[in-house]
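Here's the structure we're looking at; comments come further down.
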Amino acid sequence: MKILTEKDKETICFLYKKSTIEKIARKFHVSEKRIKNILLENGIEIFVPTKKIIDDGWNYNEELKKRYPPKNGYHYVAIEKNGEKRFNDYLNTSGALTSHLKNNGIEVPSLYKRISFFKKNGYQWYEQWFDIVLVEDNIETKKCPYCNWETIDVDNHSGAFINHLINEHGITKEKYLSEHEDEREYFRLANKTIDLQMETNEEKFVKCAICGKKLSRIDWHHLIKHGITKEEYIKKYSDKTVSKSLHDFGVKRAKETNTKAKKTYTSKAEKEIISFLVSNNIHCEKNRTILNGKEIDIFIPEKNIGIEYDGLRWHSQWMGKKSPYFHNSKTNECLKMGVRLIHIFEDEYQTNKELVINKLCHILEINKGLEKIMGRKCMIKKIGIDTEKDFLNKYHIQGWVGSTIAYGAFFNDEIIAVMSFKIKDKNGKSWELIRFASNYNYICQGIGGKLFNYFVKEHNPSEVISFADRRWTINENHNIYTILGFKNLGHTKPSYSYINTKICKYKRFHKFGFRKERLMKKYGENFGLNINMTETEMAKALGYDRIWDCGLIKYVWKNKLIQY
């Protein structure tokens, strides 16, 4: 029988978090039974396949019937605990509850974990956010005038009614409305864009003179599809109708009756970002309704993602009159409305435009047809400071920062990812993951996990902490950290950097360089400074301003093989 060392047993327990008993047994050339015994000896629960959970005498479907017994004249509905949403699909057979929770940043467990949860607790996993309530059957339905078919989707959220008309009767929405004009409001709830094309009241839309499409406004990212500017459009199609439709170009017609509405301004950088999104078939727009008048520079309705382009000068504390919590509060307000907000600082875009665009591609899942590289095909090894610095300055939005050790992932002798760490204590048990970046010219899958596992195996840390920038993290509960097994510990307070556009237009200076002693040593009384001044007073006297971020998200990873 093969002898396994204590180190081997620790490795087996560690690998079981990411692998199966069968694979581990093959790796160590021992039986699966032996691997199971080692896991049990170390107090590690062995996962049972979903099929066995169902077949061990405990029947999932039977338990559901006991949990929700039928009652004549009544049916069950799922009501969100805050009372905002109600779903008839209380068993989540359509995935409606799952989709709703996902959109609110809640991680959905695997099928195994869902059934295990029900078996252990006696209720469904999603009942942590929903109440399953028995209500009377007097449900309002929408009936088809051509057959006996009907649906409970009286608010037309799913579009089931129009699908039935098309598939069963060959009747389009336009044809149906020509015979049932009074039902226009029903379809208005499902798709405002399509409904606008059926609108006949000319006061409610403007019509593009080039393509004939009916729009709530004609803005520049519609005209860019036709390769024409606002000025060229007005000059070529100048008549009373066109002039009226372009009144205060890019602003909704509702502005004509709202004299207090502010004119919108779109920077050159914003236009470039919008042009990029439009070229990839992503609809976007400015939005003032989500935050009750506050503008979101670029809003993508299909993904509920907003993008803010924050010019350094205009978003600064003193010149721009933005409070320390301005960006943080706007992010939080958007989250309350179900919108995830990205903040792009001006210097990031102007000095790392390609990197910013590629980060947006990743977040918005824009497929660029890149080569896919799997982590298992890569070789991991330590890298020197020069290699680390060159790679991170090119592929990480914050660039290189000093580290204790760095690892590179190599594919065909090409470095495609880097992860760096910094030691936090003298014993070498507490570390910080300070940088991780991959080559945006590839789709890298599983490489982050392979780099991190290599570090853990080599240093056996008791814990690893890391911080994510809220400005670029749209889902703090599902990202590279949570995949690696880190736990979200919450947010830090917003922090600041210094700017001085007269010295460098596109640069944020780290606050550590503005400590009183350093400023006195560098500038002293020749620049009107004295030791009794505060850091803020000194910075102002030297012509600097502050810009605040959204704070950081703190994550921690604990080594389960170490007893605390």
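The values are calculated or read from the model by the stated rules, or taken from the named source; none is laboratory data. All values derive from a computational prediction rather than experimental measurement. FYI the Cβ positions are ideal-geometry reconstructions off the backbone, even for glycines, and counts take in every protein chain you see. The protein model used for the area step is the full one, side chains on, heavy atoms only, and it has no ligands, DNA or RNA in it. Shrake-Rupley method; radii C 1.70, N 1.55, O 1.52, S 1.80 Å.
Observations on the structure shown:
- Test: residue in region 464-473 that is exposed (fewer than 15 other Cβ atoms within 10 Å of the Cβ), at pLDDT 95 or above and in a strand (DSSP E or B): yes
- Identity of the residue in region 143-166, under 36 Å from the mean Cα position of the chain (by Cα) and at pLDDT 80 or above, that ends up farthest from Arg86 (Cα to Cα): Ile166
- Residue check, Glu388 of a type in the set (Asp, Glu) and in contact (Cβ under 8 Å) with a residue 24 or more places away in the chain: yes
- Listed by position, the helices (runs of 4 or more DSSP H) contained in region 477-560 that have at least 3 residues being farther than 30 Å from Gln445 by Cβ are 516-522, 535-541.
- Residues of region 423-457 satisfying the condition of being open to solvent by 70 Å² or more (accessible area, probe 1.4 Å), touching a Phe, Trp or Tyr at 6+ places or on another chain (Cβ under 7 Å) and free of Cβ contacts under 8 Å to residues at least 60 places away in the same chain: Lys424
- Considering each residue of region 396-404 in turn, at least one proves to be of a type outside the set (S, T, N, Q), open to solvent by 40 Å² or more (accessible area, probe 1.4 Å), out of contact with any Gly (no Cβ under 8 Å at 6 or more places or on another chain) and touching a residue at least 24 places away in the same chain (Cβ under 8 Å).
- Only one entry in Arg376, Arg435 is within 23 Å of the chain's Cα centre (by Cα), closer than 25 Å to Val464 by Cβ and among the charged types (D, E, K, R), namely Arg435.
- Scan of region 69-88 for residues that are free of Cβ contacts under 8 Å to residues at least 60 places away in the same chain, surrounded by 10 or more Cβ atoms within 10 Å (Cβ to Cβ) and over 30 Å from the mean Cα position of the chain (by Cα), ordered by number: Tyr76
Each row is one residue, and each column tells you yes or no for (1) in contact (Cβ under 8 Å) with a residue 24 or more places away in the chain; (2) of a type in the set (D, E, K, R).
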residue: Leu97; (1), (2): yes, no
residue: Leu101; (1), (2): yes, no
residue: Glu107; (1), (2): yes, yes
residue: Leu111; (1), (2): yes, no
residue: Phe118; (1), (2): yes, no
residue: Trp125; (1), (2): no, no
residue: Trp129; (1), (2): yes, no
residue: Glu136; (1), (2): yes, yes
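- In region 294-319, the residues that are outside any loop (DSSP other than H, G, I, E, B) reach residues that are surrounded by fewer than 21 Cβ atoms within 10 Å (Cβ to Cβ) and of a type in the set (Gly, Ala, Ser) with C-beta atoms within less than 8 angstrom, at least six apart or across chains, in these pairs: Tyr309/Ser267; Tyr309/Ala269.
- Within region 299-325, the set of residues being hydrophobic (A, V, I, L, M, F, W, C) and in contact with a Gly (Cβ under 7 Å, 6 or more places away or on another chain) comprises Phe299, Trp314.
For (1) at pLDDT 95 or above; (2) not β-branched (Val, Ile, Thr), each residue gets a yes or a no:
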| position | (1), (2) |
| --- | --- |
| Ile483 | no, no |
| Lys487 | yes, yes |
| Tyr496 | yes, yes |
| Asn500 | no, yes |
| Ile503 | no, no |
| His510 | no, yes |
| Gly513 | no, yes |
| Glu517 | no, yes |
| Lys522 | no, yes |
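- Residue check, Ile380 buried (at least 17 other Cβ atoms within 10 Å of the Cβ), touching a Lys or Arg at 6+ places or on another chain (Cβ under 9 Å) and under 18 Å from Lys268 (Cβ atoms): no
- Single residue of Gly490, Gly551 found to be surrounded by 13 or more Cβ atoms within 10 Å (Cβ to Cβ) and either closer than 28 Å to His327 by Cα or under 18 Å from the mean Cα position of the chain (by Cα) (or both): Gly551
- Within region 341-376, the set of residues being in a helix (DSSP H, G or I) and either β-branched (Val, Ile, Thr) or touching a strand residue (DSSP E or B) at 6+ places or on another chain (Cβ under 6 Å) (or both) comprises Asp347, Gln350, Thr351, Val356, Ile357, Ile363.
- Candidate set from region 96-152 (those that are among the polar types (S, T, N, Q) and within 30 Å of Gly170 (Cβ to Cβ)); member that is least open to solvent (accessible area, probe 1.4 Å): Thr151
- Consider region 256-290 and keep the residues that are basic (Lys, Arg) and at pLDDT 70 or above. The one that is least open to solvent (accessible area, probe 1.4 Å) is Lys286.
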